[in-house]
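Encoded as structure tokens, the structure appears first; notes follow it.
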Amino acid sequence: MEITNDIQYVGVNDHAVDLFEGQYTVKNGMSYNSYVLTDEKTAVFDTVDAHFTQEWLANLKTALGGRRPDYLIVQHMEPDHSANIASFMEVYPEAQIVSSAPAFTMMKQFFGTDYASRRIVVKENDTLSLGAHTLTFFTAPMVHWPEVIVTYDSRDRVLFSADGFGKFGALDVEEDWACEARRYYIGIVGKYGMQVQNLLKKASGLDIQAICPLHGPVLKENLDYYIGLYNTWSSYAVETEGVLIAYASVYGNTKKAALLLADKLRAAGCPKVVVADLARDDMAECVEDAFRYGKLVLASITYDAGIFPFMRTFISHLTERNYQNRTVGLIENGTWAPLAAKTMRGLLEGCKNIAFTDNTVCIRSALNEESAAQLDALARELCKDY
Ligand code: FEO
């Protein structure tokens, strides 16, 4: 696949992965992207996952058309991209690795060598001329690991963005970009909004015509749309006005309250209402939605004088990712000693700029007139500014 006259795609699609990065279900698989830039000198951008060594080397050989690569640019050392560094260096013993100093430390840890005699260590703003193309390197620490660099080719005006602007899903499946890019971003880099903001600032000084990420499609059109979403996500701003109701229920009474609140919110004019069952829905999707919408209602049973484990896990995912700038309402259920609301509030205590609603709903076993009235009040409060 040709990206520009001089840049070709040589990555692979993975439809066999059960859990990407050990935790994310990817129903449409995953792509591990790799690129070749051919000029007077030839550079390869990143390798692929360990399961695709032969396929990737074959793609590379075809794209090279008999030439030998001069450089392997290693932008990120996570094994989904770095696993084939050693195989590459064996097949092309004259090639050099171009990467950051911390990446070479990681190479020593992963492969037992830091390629001391075959390496070029780059830092912020260093350049490498390939002939007509000059590459400029920018550090992008914690997007997604500390050693990450991104690379700009000023001739074709292409940004090789490492994990940035990546997406779940293999490239041979058509699907909406934003949904799976958001789930990927919030899941994988959500904690590091400030670092992503720093990278966006560096990128704003470049004339970019295409973005080549390490996962998902190459982005060539309407780049303001993608960069705008990254700006929203990394600044923890509200992307879509609406309410996510995330519930943890055992016998259905708390679920019933969550569904009734959803009806009341819709009737009160809430622009978007999403209901999630934390025990059964994809956790990463629930987490993504919490960051997408402006308001969140947590509904949990009381369990072991606290909250149901799925709710505890969900809240941990939020706090680990610096959940902030949101309105939160609480629904608790408890047959003898309801404590869920207090527990959930306590778990969110360290989050910045969280406004808890004045109304909290307390259900004693099953909805009754009193708790239904509390739901009414909560719905009115959540919708007052819509
Ligand atoms: Fe796609 Fe952080 O590796």
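The values are calculated or read from the model by the stated rules, or taken from the named source; none is laboratory data. All values reported here derive from a predicted model rather than from experimental measurement. Quick reminder, even Gly has a Cβ in these numbers, built from the backbone with ideal geometry, and neighbours come from all protein chains shown. Please note that ligands, DNA and RNA were not included when accessible areas were found on the heavy atoms of the full protein model with its side chains. Shrake-Rupley method; radii C 1.70, N 1.55, O 1.52, S 1.80 Å.
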In the list 175, 180, which residue meets the criterion of being in contact (Cβ under 8 Å) with a residue 40 or more places away in the chain and either over 21 Å from residue 221 (Cβ atoms) or open to solvent by less than 30 Å² (accessible area, probe 1.4 Å) (or both)?
180
Between 211, 227, which is open to solvent by less than 30 Å² (accessible area, probe 1.4 Å), β-branched (Val, Ile, Thr) and within 23 Å of residue 46 (Cβ to Cβ)?
211
Within the range 182-191, can one find any residue that is more than 22 Å from residue 79 (Cβ to Cβ) and among the small types (Gly, Ala, Ser)?
no
So which residues in the range 316-337 are open to solvent by 30 Å² or more (accessible area, probe 1.4 Å) and aliphatic (A, V, I, L, M), if there are any at all?
337
Take residue 22 and tell me if it is within 30 Å of residue 281 (Cα to Cα), small (Gly, Ala, Ser) and free of Cβ contacts under 8 Å to residues at least 24 places away in the same chain.
yes
Do we have residue 155 as open to solvent by 60 Å² or more (accessible area, probe 1.4 Å) and over 27 Å from the mean Cα position of the chain (by Cα) here?
yes
Here are some residues: 330, 298. Which one is outside any helix (DSSP H, G or I) and farther than 23 Å from residue 190 by Cα?
330
Condition first: in contact with a strand residue (DSSP E or B) (Cβ under 6 Å, 6 or more places away or on another chain), open to solvent by 30 Å² or more (accessible area, probe 1.4 Å) and within 16 Å of the ligand (Cβ to nearest atom). Can you find one or more residues in the range 254-273 that meet it?
no
With respect to residue 277, determine if the residue is acidic (Asp, Glu) and open to solvent by 50 Å² or more (accessible area, probe 1.4 Å).
no
Residue among 190, 216 that is part of a helix (DSSP H, G or I), within 16 Å of the ligand (Cβ to nearest atom) and surrounded by 14 or more Cβ atoms within 10 Å (Cβ to Cβ):
190
Among the listed residues 161, 154, 129, identify the single one that is modelled with pLDDT of 95 or more and in contact with a Ser or Thr (Cβ under 6 Å, 6 or more places away or on another chain).
154
Quick check on my filter: what residues within the range 95-114 are under 18 Å from residue 148 (Cα atoms) and open to solvent by less than 50 Å² (accessible area, probe 1.4 Å)?
97, 98, 99, 100, 103, 104, 106, 107, 114
Assess whether residue 173 counts as being among the aliphatic types (A, V, I, L, M) and in contact with a Phe, Trp or Tyr (Cβ under 9 Å, 6 or more places away or on another chain).
no
Test: residue 160 is touching a Leu at 6+ places or on another chain (Cβ under 8 Å), crowded, with 20+ Cβ neighbours inside 10 Å and of a type outside the set (A, V, I, L, M):
no
If residue 2 satisfies all but one of (1) under 18 Å from residue 214 (Cα atoms); (2) in contact (Cβ under 8 Å) with a residue 24 or more places away in the chain, what's the number of the condition it fails?
(2)
Among the numbered conditions (1) closer than 20 Å to residue 359 by Cα; (2) surrounded by fewer than 16 Cβ atoms within 10 Å (Cβ to Cβ); (3) not polar (S, T, N, Q), tell me where residue 340 comes up short.
(2)
Members of the range 121-135 that are open to solvent by 10 Å² or more (accessible area, probe 1.4 Å) and closer than 15 Å to residue 39 by Cβ
127, 128, 129, 131, 132, 134
Residue ranges of strands (runs of 3 or more DSSP E) in the range 1-65 with at least 1 members small (Gly, Ala, Ser) and out of contact with any Cys (no Cβ under 8 Å at 6 or more places or on another chain)
30-32, 42-45
